[in-house]
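The values are calculated or read from the model by the stated rules, or taken from the named source; none is laboratory data. All figures in this text were calculated on a predicted structure; none of them were measured in a lab. Note: ideal-geometry Cβ built from the backbone for every residue, glycine included; neighbour counts use all protein chains shown. Only protein heavy atoms, including side chains, enter the accessible area calculation; ligands, DNA and RNA are left aside. Shrake-Rupley method; radii C 1.70, N 1.55, O 1.52, S 1.80 Å.
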Amino acid sequence: PKSSSPCRRSLAGLLAIVVAVGIAPLAANAKPAPAKKSHKPRVLIVSDSVFAMLNVADNALAELNAKVPVIFGGQGCQKLLTSGCMPEVKLSAMAHFRAERGKFTDAILVATGYNENRTDALKVALAAFRQEAKKQHVRLIWATYRIAGNVVEKATNFNRQLRAAAKRDPSLTLFDWNKVSAKKPSWFSGDKVHLSRGGAVQLARQLSKFLKSTLDSPANG
């Protein structure tokens, strides 16, 4: 037929009302789908031989990963922006940072610098890492240097620069390794700077507490 009968039109209207009434409560009570949790590591750690013991000591890195999953880019002789102090160490800490872009979610921890031999090395590196961290949308965390052994002068100078930089830029967070490790001679080998196996486990525990607290608080800057 060319047109529906009044009965058919009434039935169609009634069905439309029933469907609408049935759907409306569902829409009102619908809950948004939960956000997918990222399975990527949260932190990239770049380090020279001081923190590299995390990857050598039994269970140290595993204990850290159990609390805060990380990508570990530690390598003896690593330098901040240039090739390492041995020919086989070709990647700098910055090269590691750029290579791991998008593979971690929250922050980079820089624990490299003991092998630098220029007084302006840290100043230049801080500017470069700050810029790269902004590009990658991650926090920049820097470990202070242990003032001991044969690096007293360098570590003192670098720590002074780090603290001044952190005051100027709240987005730079410091993991105060020098303070944490003070008066803990049993954590270190004979040179008082490189970690013993037990010291590496202690570092993992201290670092996991610090990272969890820091990453769970709002970012500054």
Could you check Lys212 against (1) open to solvent by less than 60 Å² (accessible area, probe 1.4 Å); (2) assigned to a helix (DSSP H, G or I) and say which number it fails? (1)
Residues of segment 172-197 satisfying the condition of being part of a helix (DSSP H, G or I) and under 22 Å from the mean Cα position of the chain (by Cα): Trp177, Asn178, Lys179, Val180, Ser181
Restricting attention to segment 61-90, and to residues there that are surrounded by fewer than 16 Cβ atoms within 10 Å (Cβ to Cβ) and of a type in the set (D, E, K, R), which single residue is nearest to Lys40 (Cα to Cα)? Lys67
Pairing a residue in segment 120-135 that is assigned to a helix (DSSP H, G or I) with any residue that is not aliphatic (A, V, I, L, M), where Cβ atoms lie under 6 Å and the two sit 6 or more apart in sequence or on different chains, gives Leu122/Phe158; Leu122/Gln161; Glu132/Phe97
Quick check: is even one residue across segment 102-111 among the basic types (Lys, Arg), under 24 Å from Asn65 (Cα atoms) and either in a helix (DSSP H, G or I) or out of contact with any Pro (no Cβ under 9 Å at 6 or more places or on another chain) (or both)? no
Do you know which residues across segment 165-209 are out of contact with any helix residue (DSSP H, G or I) (no Cβ under 9 Å at 6 or more places or on another chain), open to solvent by less than 50 Å² (accessible area, probe 1.4 Å) and farther than 26 Å from Glu132 by Cβ? Ala182
Within segment 123-136, is even one residue open to solvent by 30 Å² or more (accessible area, probe 1.4 Å), closer than 30 Å to Gly102 by Cβ and among the polar types (S, T, N, Q)? yes
Single match in Arg101, Arg130, Arg168, Arg163 (criterion: within 25 Å of His194 (Cα to Cα) and of a type outside the set (Gly, Ala, Ser)): Arg163
Can you confirm whether Ala93 is open to solvent by less than 10 Å² (accessible area, probe 1.4 Å), in contact with a strand residue (DSSP E or B) (Cβ under 7 Å, 6 or more places away or on another chain) and at pLDDT 95 or above? yes
